[in-house]
1. With respect to ARG186, is the statement that it is touching an Asp or Glu at 6+ places or on another chain (Cβ under 7 Å), modelled with pLDDT of 95 or more and charged (D, E, K, R) true?
2. Name the single residue, out of those in segment 90-109 being buried (at least 23 other Cβ atoms within 10 Å of the Cβ) and of a type outside the set (S, T, N, Q), that is farthest from the chain's Cα centre (by Cα).
3. Residues in segment 154-173 that are under 23 Å from VAL271 (Cβ atoms), part of a helix (DSSP H, G or I) and touching a helix residue (DSSP H, G or I) at 6+ places or on another chain (Cβ under 6 Å): how many?
4. Just checking, how many residues over segment 136-192 are β-branched (Val, Ile, Thr) and under 16 Å from ALA205 (Cβ atoms)?
5. Filter segment 284-294 down to the residues that are at pLDDT 95 or above and of a type in the set (A, V, I, L, M) and list them by number.
6. Could you tell me whether HIS46 is of a type outside the set (Gly, Ala, Ser), surrounded by 15 or more Cβ atoms within 10 Å (Cβ to Cβ) and outside any strand (DSSP E or B)?
7. Just to confirm my filter: which strands (runs of 3 or more DSSP E) fall fully inside segment 196-313 and include at least 1 residues that are in contact (Cβ under 8 Å) with a residue 40 or more places away in the chain, in contact with a helix residue (DSSP H, G or I) (Cβ under 8 Å, 6 or more places away or on another chain) and under 25 Å from ASN135 (Cβ atoms)?
8. Any residue at all in segment 9-21 that is in contact with a strand residue (DSSP E or B) (Cβ under 7 Å, 6 or more places away or on another chain), in the same structural domain as GLU371 (by TED's automatic domain parsing), outside any strand (DSSP E or B) and modelled with pLDDT of 95 or more?
Amino acid sequence: MISLAFHNASLALGDQIASGQTLLVSGGRIEAFGPDLAIPAGYQSHDLNGDILAPGYVDIQVNGGGGVLFNDAPSVETIAIIAAAHAKLGTTSLLPTLISDELDKVAKAIAAVDAAIEASVPGVIGIHLEGPFLNASRKGVHDASKFKVLDLEAIELLTSLKRGKTLITLAPETAPQGAIAALVQRGAVVFAGHTEASYAQIIAAEAEGLRGFTHIFNAMSQLSSRAPGVVGAALSSATSFSGLIADGVHVHPANMALVARLLGPQRTVLVSDAMPTLGSDQDWFELKGEKIFARGLTCFTPDGVLAGSNLSLRDAIGVMMREAQVSLAHALSMASYAPALAIGLEGQIGQLAAGARADFVRLDASAKLLEVWQGGIQF
């Protein structure tokens with residue numbers, strides 16, 4: 001593998017973008033970086049002319065892309081198509097996400113992700129199982145007929161992935177006492193979503209190991225004067241993460257800004273919730289036999305119900321900057337470091353750090369995406 005040197009670069013390093021930097025890559029990983037860093041002999045040199053080098057984006061909620069939906073055909077081929085579609089837009093790591101389905105489909109999806117990681121499909125870091133252990137009163141476009149009770153057999157299935165990370169979205173109020181703790185003890189990361197839980201139920205779930213919230217504000221009990229609900233619990237938590245669909249439609253810009261201000265750039269996790277239209281020429285797809293249409297960055301049923309997005313994390317960064325007045329450095333952190341930290345992969349992906357995988361994007365001064373590297377290889 002070719003060793004690389006990126007010089008005259010502005011590096012996105014957490015809360016700051018530092019100019020006049022050099023970054024070295026060897027063996028597909030970041031070797032070192034800093035100002036006035038000597039470039040060893042034999043390294044292929046890239047002069048960035050002051051452009052920004054930022055960590056590759058990490059998307060922990062990806063239903064589809066490139067014209068395919070993970071649920072329709074959970075296979076290595078489907079995963080590779082989805083990952084490639086997102087990589088073109090700067091997402092170098094992702095969790096293929098299965099929407100609520102039968103448990104045999106869950107098993108197939110887990111096996112497909114295992115096989116994809118074993119086959120070194122670029123960018124695949126695990127799986128997100130969004131359901132089927134959700135609350136029907138907050139089902140969104142999920143098929144409530146697929147919803148199940150979380151028992152020991154299901155816990156064993158959900159935590160059966162051999163390679164990579166497993167993120168599970170569930171409704172805590174429907175889970176038996178101790179079930180979240182059992183999932184966490186088996187290595188899963190658990191988020192609350194599609195839930196009518198009370199504030200007290202969320203606090204109890206956090207005591208069992210609940211780590212975050214799936215698409216905050218959407219499909220969950222809201223904040224009111226005497227009932228903080230899931231939203232209140234998420235916004236007041238000192239430790240949890242919140243996924244945020246920043247398309248400007250799922251969540252009002254004022255609420256996006258509120259999340260960013262209260263949780264900060266290390267716990268606000270930008271997610272795409274992307275559907276098959278992302279990275280394809282089509283503007284509709286089928287979900288459970290119903291046509292879903294992409295309009296702008298958002299997907300809708302014919303009745304106008306939100307049904308995922310046509311959003312990439314590249315787009316979400318721009319929306320956060322324009323509509324929520326978030327700085328570029330913070331928006332980049334929300335799309336890279338925060339999601340990596342949420343699922344326990346900090347230091348490996350999502351940041352420019354010695355030893356981390358050499359995944360990064362090149363941006364110009366206006367944050368336009370210019371180039372993408374994945375594992376030290378230009379995509």
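The values are calculated or read from the model by the stated rules, or taken from the named source; none is laboratory data. Because the structure is a prediction, the values reported are computed rather than measured. Quick reminder, even Gly has a Cβ in these numbers, built from the backbone with ideal geometry, and neighbours come from all protein chains shown.
1. Numbers: touching an Asp or Glu at 6+ places or on another chain (Cβ under 7 Å): no; modelled with pLDDT of 95 or more: yes; charged (D, E, K, R): yes.
For ARG186, the condition - touching an Asp or Glu at 6+ places or on another chain (Cβ under 7 Å), modelled with pLDDT of 95 or more and charged (D, E, K, R) - is not met.
2. Narrowing segment 90-109 to residues buried (at least 23 other Cβ atoms within 10 Å of the Cβ): 90-100, 106, 109.
With the extra rule that they be of a type outside the set (S, T, N, Q), the set shrinks to 90, 94-96, 98-99, 106, 109.
Values: GLY90: 12, LEU94: 6, LEU95: 7, PRO96: 9, LEU98: 13, ILE99: 15, VAL106: 19, ALA109: 17 Å.
In this case the residue turns out to be VAL106.
3. Quick first cut of segment 154-173, residues under 23 Å from VAL271 (Cβ atoms) only: 158-159, 161, 163-173.
Among the residues that remain, those that are also part of a helix (DSSP H, G or I) are: 158, 172-173.
Those left that are additionally touching a helix residue (DSSP H, G or I) at 6+ places or on another chain (Cβ under 6 Å): 172-173.
Number satisfying all stated conditions: 2.
4. Within segment 136-192, the first condition is being β-branched (Val, Ile, Thr), and the residues that meet it are 141, 149, 155, 159, 166, 168-169, 174, 180, 184, 189-190.
Then keep just the ones that are under 16 Å from ALA205 (Cβ atoms); that gives 155, 168-169, 174, 180, 184, 189-190.
Looking only at that region, the number is 8.
5. ILE292, ALA294
6. Values: of a type outside the set (Gly, Ala, Ser): yes; surrounded by 15 or more Cβ atoms within 10 Å (Cβ to Cβ): yes; outside any strand (DSSP E or B): no.
Against the criterion (of a type outside the set (Gly, Ala, Ser), surrounded by 15 or more Cβ atoms within 10 Å (Cβ to Cβ) and outside any strand (DSSP E or B)), HIS46 does not qualify.
7. Numbers: elements: 241-245, 268-271, 284-287, 290-295, 298-300, 306-309.
Where strands (runs of 3 or more DSSP E) fall fully within segment 196-313 and carry at least 1 residues being in contact (Cβ under 8 Å) with a residue 40 or more places away in the chain, in contact with a helix residue (DSSP H, G or I) (Cβ under 8 Å, 6 or more places away or on another chain) and under 25 Å from ASN135 (Cβ atoms), they are 241-245, 268-271.
8. Restricting attention to segment 9-21, the residues satisfying the condition of being in contact with a strand residue (DSSP E or B) (Cβ under 7 Å, 6 or more places away or on another chain) are 9-12, 17-21.
From what is left, the residues that are in the same structural domain as GLU371 (by TED's automatic domain parsing) are 9-12, 17-21.
Subset that is outside any strand (DSSP E or B): none.
No, segment 9-21 contains no residue that is in contact with a strand residue (DSSP E or B) (Cβ under 7 Å, 6 or more places away or on another chain), in the same structural domain as GLU371 (by TED's automatic domain parsing), outside any strand (DSSP E or B) and modelled with pLDDT of 95 or more.
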